[in-house]
Amino acid sequence: LPPECTCTWTDWIDVYYPTANRNDGDYETFDRIESAIPSWECAKVENISCRATKFPSVSIEDLGQKVECSVQHGLICNNKDQTIGGVIPMPVCLNYEISVCCTPNLPECIPHSTPSTPGTTTTTPVPLPSTTTTTVPPPSSTTTVPPPSTTTTVRPPITTTPPVPSPSSTSTPV
């Protein structure tokens with residue numbers, strides 16, 4: 001792929017806030033993000049990082065909650081899947097936010113179908129990584145800034161998928 005097709009990390013996205021209702025949870029899914037932010041465009045999610053808003057430097061594995069953080073769906077946390085324990089003494093989901101590495105929506109970056117013979121098309125398959133959990137390493141020093149903070153430093157996540165180029169120094173607004 002051409003260099004302009006390198007995925008770019010978004011700012012942290014948080015479009016849903018969980019309630020204590022047993023049938024609720026936190027759903028930072030791509031369809032909810034598209035509904036909440038009409039200008040959001042991500043041709044293909046290549047990587048994802050998920051974190052709890054109240055515990056940004058704690059990896060999601062260490063929070064004691066059952067969550068899905070995947071390039072297929074985004075983040076899904078169901079209150080009914082939680083047990084008492086972990087960082088909060090209640091069986092409800094924390095509020096999470098996600099950052100995704102998006103392939104730009106350019107024709108040369110998107111896999112497409114190529115006609116081979118009339119009436120048939122050949123689709124170029126793109127392997128999807130399996131569901132992975134990625135985390136943001138804790139910063140070496142922490143400065144507490146009262147909200148609203150407009151500056152976010154995103155470090156490349158530690159991942160179990162093949163390495164992804166580091167994000168560029170400019171952040172693409174969502």
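The values are calculated or read from the model by the stated rules, or taken from the named source; none is laboratory data. All values reported here derive from a predicted model rather than from experimental measurement. No Cβ is skipped: glycine too gets one built from the backbone with ideal geometry, and neighbour counts run over all protein chains shown. Just so you know, the surface numbers come from the protein's heavy atoms only, side chains and all, with ligands and any DNA or RNA stripped out. Shrake-Rupley method; radii C 1.70, N 1.55, O 1.52, S 1.80 Å.
Relative contact order for the range 3-104: 43 percent, from Cα pairs under 8 Å spaced at least 6 residues apart, divided by residue count. Hey, with R₀ at 22 Å, roughly what FRET efficiency would residue 41 and residue 108 work out to, going by the Cβ-Cβ distance, to 0.05? Once rounded, the FRET efficiency stands at 0.90.
Here the range 3-104 has 51 percent of its accessible surface on carbon and sulfur atoms, given a 1.4 Å probe and all protein chains in place.
Under 21 Å of direct C-alpha separation, and excluding same-chain neighbours fewer than eight residues apart, residue 80 reaches these lysines: 54, 66. Accessible surface computed residue by residue for the range 3-104, with neighbouring protein chains in place and a 1.4 Å probe, gives 46 Å² per residue.
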